[in-house]
Amino acid sequence: MKFRTRAIHVGSEPDPATGAVVPPIHLATTFIQPGAGTWGDFDYSRSGSPTRSGVQRTIANLEGAAGSLAFASGMAATHCATMLLKSGDHIVAGSDIYGGTFRLLHKICNRAGITVTLAPADDLVQFEAAFQSNTKMVWIESIGNPLMSIPDLSAIADITHKHGALLGVDSTFTSPAIMRPLELGADIVMHSATKYLSGHSDCLAGVLAAKDPALHKELYFIQNATGAVLSGLECFLLQRGIKTLDLRMREQSRSALEIAVWLESHPMVKRVLYPGLASHPQHALAARLMGDRFGAVVSFEIDGDYLKTKKVCESTELFGLAVSLGAVESLIEQPASMSHASYDAAARAKFGIHDSLIRISVGLEDAADLMGDLDHALRTAL
Ligand SMILES: Cc1ncc(COP(=O)(O)O)c(C=O)c1O
């Protein structure tokens, strides 16, 4: 079956008890057992529940994984992956990653004795130079955030495995409707399912999917032992969102490209960063990895300082001034003061996250209305 069919039917089969075409939401925290010491399919909802199992089967199928796990947030999912490591281990991570991941790696993983080196994932020579003899994991994003850099996933998988480490890919910006990192050599794929997978800004969720059944089992062990699982209601919202994922990604990518092209010709815009543009330094690589959909996040720089950039972000009416992305509502933000405020100023300067950078998440509104709104904000603020 094709992707769209699987997104609707796998893991969401009609309820055999009632014939309901949408499976019921199971809220039970505990399950009656066949006997003392004899276990049924489910026992306690931290360990598993029918509703969570359904959405986990859907995601595993869409990612081509041995199994997937649903978490209470994207950060809980990333944290679970890092808990595969132990004191003395080292992580190489991409240098433009989500600010919360930067904080997790530098302020939580280090408490467990794990060290981290950031390196640009779009420069294989510099990236490999960051490896150490104790490197056990590589963590990159399928599209770098907020600079929209494109890592060559297959090449990074080869480098990672040559050094005996695991490759984890945060594929939030692409979703399985655009790219499936496990097929390109990654060991673990992670999503902030809060974004495209659920798609409506109403469900905080995270996902891990692993290629190898033994790795999936180990991640499940950590998740069950530490407990950051997704609740039944959110599993339902996530499952429902996934049914329209492919259509949303297609339409939002199309609008994002149209807006990126238009921004490039705007007199008040200095530079546009979007992998679908011919001007993007890795456009050819992006086209090889993603086909004709490049996601719906666009970054651009204006000719202005911190305050002017802030003012542009505060002057839109349709684009909501908010962090997050990937939903039907368009959003705008200033990475330096919002999504990437967890990077200290020195790290932002080093990695090119300038004060004049603006990031938009293109939703499902009409692209002409969105361009009108951005044009009005730029002319009001500058
Ligand atoms: C790329 C990326 N990864 C991870 C996260 C963290 O996910 P969550 O907010 O669901 O914990 C985010 C959140 O914005 C993100 O954008």
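Derivation of every value follows stated rules applied to the coordinates shown; laboratory data play no part. Fair warning: this is a prediction, and the values are worked out from it, not measured in the lab. With ideal geometry, Cβ positions are generated from the backbone for all residues, glycine too; neighbour counts draw on all protein chains shown.
Given H placed on each backbone N at 1.01 Å, which residues far from Leu321 in sequence or on other chains put an amide H within less than 5 Å of it?
Here the answer is Ile332, since their amide H atoms fall under 5 Å of that of Leu321.
Taking the Cβ-Cβ separation of Ala225 and Asp366 as r and a Förster radius of 51 Å, what is the calculated FRET efficiency to the nearest 0.05?
0.60
Which one of Leu364, Thr380, Pro335 is farthest out on the positive end of the charge dipole of the chain, using unit charges on Cβ (Lys, Arg +1; Asp, Glu -1) and the Cα centre as origin?
Pro335
Relative contact order for segment 14-152: what is it in percent, counting Cα pairs under 8 Å that are at least 6 residues apart?
Worked out over segment 14-152, it gives 18 percent.
Per q in 0.11, 0.13, 0.17 1/Å, what log10 I(q)/I(0) does a Debye calculation on the alpha-carbon atoms of segment 3-242 return?
-0.55, -0.76, -1.22
Using only the alpha-carbon atoms, how far is helix 232-242 inclined from the longest principal axis of the chain? Give it as 0 to 90 degrees, nearest 10.
50
Could you tell me what percent of the DSSP beta bridges with both partners in segment 3-242 are antiparallel, to the nearest 5?
45
Just report the Cα centroid separation between segment 85-164 and segment 315-335, whole Å.
Distance between centres, Cα-based: 28 Å.
Find the relative contact order for segment 3-242 and round it to a whole percent, using C-alpha pairs within less than 8 Å whose residues are 6+ positions apart.
24
Whole number please: convex hull volume per residue of the Cα set in segment 30-153, in Å³?
148
When only DSSP loop residues count, what chymotrypsin sites (Phe, Trp or Tyr not before Pro) in segment 25-76 have their Cβ near at most 14 other Cβ atoms within 10 Å?
Loop-located and lightly packed - Trp39.
Calculate one ³J(HN,Hα) per residue across segment 324-337 by plugging θ = phi - 60° into the Karplus curve 6.51 cos²θ - 1.76 cosθ + 1.60, and present them in order as whole Hz with x for glycine and proline.
Once rounded to whole Hz, the list reads 5, 6, x, 10, 5, 8, 6, 10, 9, 7, 9, x, 4, 9.
How would Val21, Val261, Val362 line up from fewest to most surrounding beta-carbon atoms within 10 angstrom?
Lowest count first: Val21, Val261, Val362.
Taking H placed 1.01 Å from N in the peptide plane, check which residues at least 5 places from Leu118 or on another chain put their amide H under 5 Å from its amide H.
Correct list: Ala93.
Taking θ = phi - 60°, what integer Hz values does the Karplus form 6.51 cos²θ - 1.76 cosθ + 1.60 yield along segment 369-378, in sequence order, with x for Gly and Pro?
These are the phi-based 3J(HN,Hα) values: 5, 5, 5, x, 5, 5, 4, 4, 5, 5 Hz.
Largest first, please: the extent of the C-alpha atoms of segment 246-381 along each principal axis, to the nearest Å.
For segment 246-381, the Cα spread along each principal axis is 36, 32, 27 Å.
Among Val207, Leu289, Val323, whose Cα sits farthest toward the positive end of the charge dipole of the chain (+1 at Cβ of Lys/Arg, -1 at Cβ of Asp/Glu, about the Cα centre)?
The one lying farthest along the dipole's positive direction is Val207.
Under the rule of -39500 (n - 2.57) per DSSP H run of 4 or more residues, summed and divided by the residues of the chain, what mean residue ellipticity at 222 nm is obtained, to the nearest 500 deg cm²/dmol?
-10500 deg cm²/dmol
Under 18 Å from the Cα of Lys86, which lysines turn up, not counting those fewer than eight places away in the same chain?
Output for Lys86: Lys107, Lys136, Lys217.
Which order do the peptides 196-208, 269-281 take when ranked by the mean count of other beta-carbon atoms within 10 Å per residue, highest first?
Result, highest mean first: 196-208, 269-281.
What ³J(HN,Hα) values, in whole Hz, does the Karplus curve 6.51 cos²θ - 1.76 cosθ + 1.60 give for segment 347-359 when θ = phi - 60°, with x put for Gly and Pro?
3J(HN,Hα) across segment 347-359, in whole Hz: 5, 5, 5, 4, 9, x, 8, 6, 4, 8, 8, 10, 10.
List the lysines whose alpha-carbon lies under 21 Å from that of Lys308, not counting same-chain residues fewer than 8 positions away?
Lys270
Amide H of Glu365: which non-local residues (sequence gap of 5 or more, or other chain) have their own amide H closer than 5 Å, using H built in the peptide plane?
For Glu365, the qualifying residues are Ser330.
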